[in-house]
1. Collect the residues in the range 216-225 that are in contact (Cβ under 8 Å) with a residue 24 or more places away in the chain, of a type outside the set (Asp, Glu) and either more than 13 Å from Ala200 (Cα to Cα) or in contact with a Cys (Cβ under 8 Å, 6 or more places away or on another chain) (or both), keeping them in residue-number order.
2. Return yes or no: is Tyr142 touching a Pro at 6+ places or on another chain (Cβ under 9 Å) and modelled with pLDDT of 90 or more?
3. Sort out for me the strands (runs of 3 or more DSSP E) sitting completely within the range 101-199 that have 3 or more residues that are within 30 Å of Ser268 (Cα to Cα).
4. Check the range 298-310 and report whether any residue there is surrounded by fewer than 17 Cβ atoms within 10 Å (Cβ to Cβ), more than 20 Å from the chain's Cα centre (by Cα) and aromatic (Phe, Trp, Tyr).
5. If we scan the range 276-296, do we find a residue that is closer than 23 Å to Tyr142 by Cβ, in contact with a Ser or Thr (Cβ under 9 Å, 6 or more places away or on another chain) and among the hydroxyl-bearing types (Ser, Thr, Tyr)?
6. Return yes or no: is Lys70 surrounded by fewer than 19 Cβ atoms within 10 Å (Cβ to Cβ), in contact with a Gly (Cβ under 7 Å, 6 or more places away or on another chain) and under 13 Å from Arg38 (Cα atoms)?
7. I need the full set of residues from the range 237-287 which are over 26 Å from Ser74 (Cβ atoms) and among the β-branched types (Val, Ile, Thr), in order please.
Amino acid sequence: MTRAHKIEVWIAAVVVPLVTVGVFALIRWQKQKPVSLRGSVIVGDVDPRKQLPIGGVLISADVLNSSTSKTDSSGFFALTLPKSIRRGQPIVLHYRHPQYRPLDVKDYVGNQLYIVHLVPLNDKPVPKDQPSAKLANVRVRYTEKTQTEFNVGSAVKTFEVENKGNIPCRKQHPCSPDGKWKAALGAITIDAGVGNEFRAPRASCIAGPCPFTRIESNQVLQAGRVLTLTVRDWSDTATFLLEAEVFRPMVSQREHWSYPAIFGEGMSFTLPASAESVSIEADADGQTIIFPLGPALQLSWATCDMATNEDQGRIYRCTLKSGYRFQ
């Protein structure tokens with residue numbers, strides 16, 4: 001082996017493992033999931049009951065190609081970092097909201113929940129001699145659709161099925177259940193009327209050779225409005241009775257009341273997912289006033305937001321505007 005060949009073999013022995021290691025490292029890096037920081041932003045207050053969630057807070061990090069995140073109405077955020085940022089590295093997180101003081105936090109990327117407290121810009125206490133509108137006896141009114149039924153009467157119908165007994169069937173349909181005797185089928189249909197429904201339908205043979213009759217089917221059709229009865233008679237003529245209760249379903253709005261939890265300048269309350277026509281009633285300076293809370297959640301005296309719970313219920317959080325206070 002010449003000197004040149006030895007050099008080539010030596011280079012191959014060194015370079016090939018390095019390239020292999022580099023390729024595996026690159027593949028592993030590409031498969032690595034980026035780190036996501038999860039946390040919550042709440043109002044800074046010594047009273048835990050006044051530490052309300054803050055929605056709309058912009059969160060960013062001082063790293064290259066970093067994304068941004070915004071808190072939802074519950075104060076939650078998830079900030080995804082670039083793949084180059086791994087756990088244990090130092091990081092500076094920036095929190096910005098137009099109604100709160102900006103905050104920059106030096107921290108480390110770790111497996112933890114990041115709980116941040118922001119201080120409102122107008123956190124100075126209102127002087128006692130400064131006039132403010134007083135809100136007292138605050139309550140929440142809403143409605144729910146409820147299904148009710150009214151019994152409007154009963155339906156009664158008799159009918160006959162004509163037949164002659166003791167005639168062999170000879171496989172001429174219809175026959176008795178055992179196929180021995182000639183039978184007759186009869187059917188009747190009754191209509192409850194527009195907007196009505198049948199309940200508890202019942203049928204029976206009331207005259208004639210009832211032991212040799214059978215109810216074939218008793219069906220309620222068209223969402224309960226139509227009732228159909230089919231019977232079989234393999235003896236002499238029999239008489240049948242069909243009865244049912246008639247109800248009229250109605251949808252009504254039932255009014256409900258709820259009382260919010262009030263701590264400091266914050267007010268929170270929950271409503272079921274089926275709640276409609278939500279409004280807030282309060283005594284403002286001695287007068288009872290109704291404040292409709294539409295889809296925009298706009299109140300003249302408070303800023304509100306809404307979130308949906310896991311049970312599909314809705315939670316509302318409202319913060320008083322300047323010039324108002326709860327009494």
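The values are calculated or read from the model by the stated rules, or taken from the named source; none is laboratory data. Small disclaimer: the values here were computed from a predicted structure and weren't measured. Positions of Cβ are generated from backbone atoms using ideal geometry, with glycine treated the same way; all protein chains shown enter the neighbour counts.
1. Ala223
2. Values: touching a Pro at 6+ places or on another chain (Cβ under 9 Å): yes; modelled with pLDDT of 90 or more: yes.
It is true that Tyr142 is touching a Pro at 6+ places or on another chain (Cβ under 9 Å) and modelled with pLDDT of 90 or more.
3. Values: elements: 113-118, 133-161, 184-191.
Of the strands (runs of 3 or more DSSP E) lying wholly inside the range 101-199, those with at least 3 residues that are within 30 Å of Ser268 (Cα to Cα) span 113-118, 133-161.
4. No: zero hits.
5. There is at least one residue in the range 276-296 that is closer than 23 Å to Tyr142 by Cβ, in contact with a Ser or Thr (Cβ under 9 Å, 6 or more places away or on another chain) and among the hydroxyl-bearing types (Ser, Thr, Tyr).
6. Details: surrounded by fewer than 19 Cβ atoms within 10 Å (Cβ to Cβ): yes; in contact with a Gly (Cβ under 7 Å, 6 or more places away or on another chain): yes; under 13 Å from Arg38 (Cα atoms): yes.
Judged against the criteria, Lys70 is a match.
7. Residues satisfying the conditions are Thr237, Thr239, Val246, Val251.
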